[in-house]
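Have a look at the structure below, then the notes.
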Ligand code: VG1
Ligand code: CO
């Protein structure tokens, strides 16, 4: 059936798909328009295979049924759907690759809160399993902006809990239990025997699934497959509103988990992930939080201890705002290092071309060439495998890492829900100063150089401009400013602060103390309080 429609002007995908408040997505024709724009952009789906699933958030069930009917009307050959409509983002990426699908639609707003007043999102992944690059998302936006009709079949809602094949018209709908395949993939990368021995032999861990999509995977993986005691996984049932939790793996929203490790010294390994399971936070004994930038560096330095990476790494990549900790490892190991803009889509070409094996972002995403998304549970397993192989705790590994490479103190200050014009004003204000900052001193820090980051993809030479403002200081410190591309209310200004410390006697300081002066400078240069009325960040990650 063909339904006439008119375009919505605001369907431009951001850092990670189209993200809007649920009430926006529920406006008549809103979801349908965007999904039709995806089908119009990817004609290879006609007669091809599409993977479909999401993180279980509110409105997902309804959206899955709508997309199935649209897939049928758009003559997709086969749609592979996770049981109950659920697929973690890494699992969807794995499925696209395993099944040779032409693409995938992932329904998630990741770390954004869920529920009727929360957020919803739609992401399109390409045949390599990775987030569609800008060339594709730009076309989706263009198509969405000129849409006059969408196609949808008439059909009863399918029971998504019944495994196996059914049909809508000529389209086969295959409902799969993707958990088992995902665990099999992990088993090829990690030493499960050793992990079993460690988890049954005394290492107590706690995994907080935050009522989001990783619950079923984590129960099956840690408790059933690896024999950790029941209760290792908490908040393990996906809920449409995440039980009111905010599934963003950072020290603020993972406080309950951090407190558990503080209060119970017998639990020495903690981890959690975000709404769609692609990010992770690792917590050591006593509630010590591993900064995600450090996590990437430690994983790069130790990945060879896991069987899947025993042959060494081809290279590593980090997003620009991620700290330079991994650069030091790459240098010591003489590995190629790439610095990309924020967002996983920029790692895709490097992974496809086999230029890198590991990559990560300061926002708690790490991943490897096993799929084309970041992967929360994968990172937890790699950390566990390293802890097991080295016989050291998370803290001991980290401290030894700092002694060897130095420590990059790091923090991200988020100023959320500020007025969009004020946020742009802040960026313009900093941008306008860039040419004359070098040599100036602010609160004891002297600017070495400053620029606006742009990236030329070394594989296809595509260019991404205006990817963040960077100020480097002679004191081995850096401030980066950029606007978030995943928020839905006003604008979120992200200010990334880092400072390097090579002296082992000064590596156990409180990171907030070390970065306090730099934080003041970051507000001063941006004229932040006058322009936004904010004197402190809303979240420090
Ligand atoms: C944020 C993070 C970025 C991440 C993106 C999607 O983007 O900073 O590193 O790739 O979220 O992650 P932004 O534009 O808001 O800074 V996910 O797991 O939330 O889809
Ligand atoms: Co996510």
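None of the figures in this text is laboratory data; all of them are computed from the coordinates on show. Keep in mind that what you see is a predicted model, and the values were worked out from it rather than measured. Neighbour counts run over all protein chains shown; Cβ positions are idealised from the backbone, glycine included.
Give the dimensionless ratio obtained when the Cα radius of gyration of region 269-413 is divided by 2.2 N^0.38 Å. Present the calculation step by step, with values, prior to reporting the outcome.
Details: Rg = 13.6 Å, N = 145, 2.2 N^0.38 = 14.6 Å.
Here the Cα radius of gyration is 0.94 times the empirical estimate.
Mind running the shape call on region 217-307? Use the C-alpha gyration tensor, a ≥ b ≥ c as the square roots of the eigenvalues: rounded below 1.5 for a/c, prolate if a/b tops b/c, oblate otherwise. Show your work: numbers first, answer last.
Values: a/c = 1.34, a/b = 1.22, b/c = 1.10.
Here region 217-307 falls in the rounded category.
Residue 44 versus residue 339, label points 7 Å from Cα toward the beta carbon: distance in nm?
Result: 3.2 nm between the two label points.
Using 0.36 nm per residue of separation minus the Cα-Cα distance, give me the extension gain between residue 188 and residue 304 in nm, one decimal.
Result: 40.4 nm gained on full extension.
What is the chain's relative contact order, in percent, from Cα pairs under 8 angstrom and six or more apart in sequence?
RCO, the chain: 13 percent.
Let a ≥ b ≥ c be the square roots of the eigenvalues of the Cα gyration tensor of region 1-156; is it rounded (a/c under 1.5), or, if not, prolate (a/b larger than b/c) or oblate?
rounded
Quick one: Cα centre-to-centre distance for region 107-150 and region 1-65, in angstrom?
Between the Cα centres of region 107-150 and region 1-65 lies a distance of 7 Å.
So what's the gap between the Cα centers of region 215-254 and region 282-328, to the nearest angstrom?
23 Å
How large is the Kirkwood hydrodynamic radius of region 20-96, counting all unique pairs of alpha carbons, in Å?
After inverting the pairwise mean of 1/r, the radius is 12.9 Å.
Quick check: residue separation of residue 6 and residue 75 times 0.36 nm, minus the Cα distance between them. What number comes out in nm?
Working it through step by step, the gained length comes to 22.6 nm.
For each of 320, 210, count neighbouring Cβ atoms within 10 Å of the residue's Cβ, then give the residues from fewest to most.
320, 210
So what is the calculated 222 nm ellipticity per residue for the chain, using -39500 (n - 2.57) for each DSSP H run with n of 4 or more, over all residues, to the nearest 500 deg cm²/dmol? Don't jump to the answer; show the numbers that get you there.
Working: 17 runs with 177 residues, N = 541.
Counting only the DSSP helices, I get -9500 deg cm²/dmol.
Report, to two decimal places, the Cα Rg of region 402-541 normalised by 2.2 N^0.38 Å (N = number of residues).
Taking N as the residue count of region 402-541, the ratio is 1.09.
Tell me the label-point distance for the pair residue 510, residue 230, using the 7 Å Cα-to-Cβ offset, in nm and rounded to one decimal.
4.2 nm
How much of the DSSP beta bridge set in the chain is antiparallel, as a percent to the nearest 5?
The antiparallel fraction comes to roughly 70 percent.
Going 7 Å from the Cα of residue 390 along its beta-carbon direction, which residues of region 287-307 have the amide nitrogen within less than 12 Å of the resulting point?
Flagged as within label range: 295-306.
Report the extension gain between residue 463 and residue 149 in nm, rounded to one decimal, defined as 0.36 nm multiplied by the number of residues separating them, less their alpha carbon distance.
Contour length minus the Cα-Cα distance gives 109.8 nm.
Report P(r) for region 384-438: all Cα-Cα distances, bin width 5 Å, range 0 to the bin holding the largest distance, values in whole percent.
Histogramming region 384-438 at 5 Å steps yields 4, 14, 12, 12, 11, 9, 7, 12, 12, 8, 1 percent.
Sort the following peptides by mean Cβ neighbour count (other Cβ atoms within 10 Å, averaged over residues), highest first: 272-284, 77-89, 193-205, 374-386.
Ranking, from highest mean packing down: 272-284, 374-386, 77-89, 193-205.
With an 8 Å Cα cut-off and a minimum separation of 6 or more residues, compute the relative contact order for region 379-482 in percent.
Over region 379-482, the number comes to 16 percent.
Counting only the backbone N, which residues of region 413-456 are under 17 Å from the spot 7 Å out from the Cα of residue 474 toward its beta-carbon?
Correct set: 436-450.
For the chain, report the convex hull volume of the alpha-carbon atoms normalised per residue, in Å³, without decimals.
Considering the Cα atoms of the chain, their hull volume per residue is 138 Å³.
Please report the projected area of region 56-136's Cα convex hull averaged over all directions, in nm².
5.7 nm²
Rounded, prolate or oblate: which fits region 487-541, taking a ≥ b ≥ c as square roots of the Cα gyration tensor eigenvalues, rounded meaning a/c under 1.5, else prolate when a/b beats b/c?
Because a/c hits 1.5 or more and a/b exceeds b/c, region 487-541 counts as prolate.
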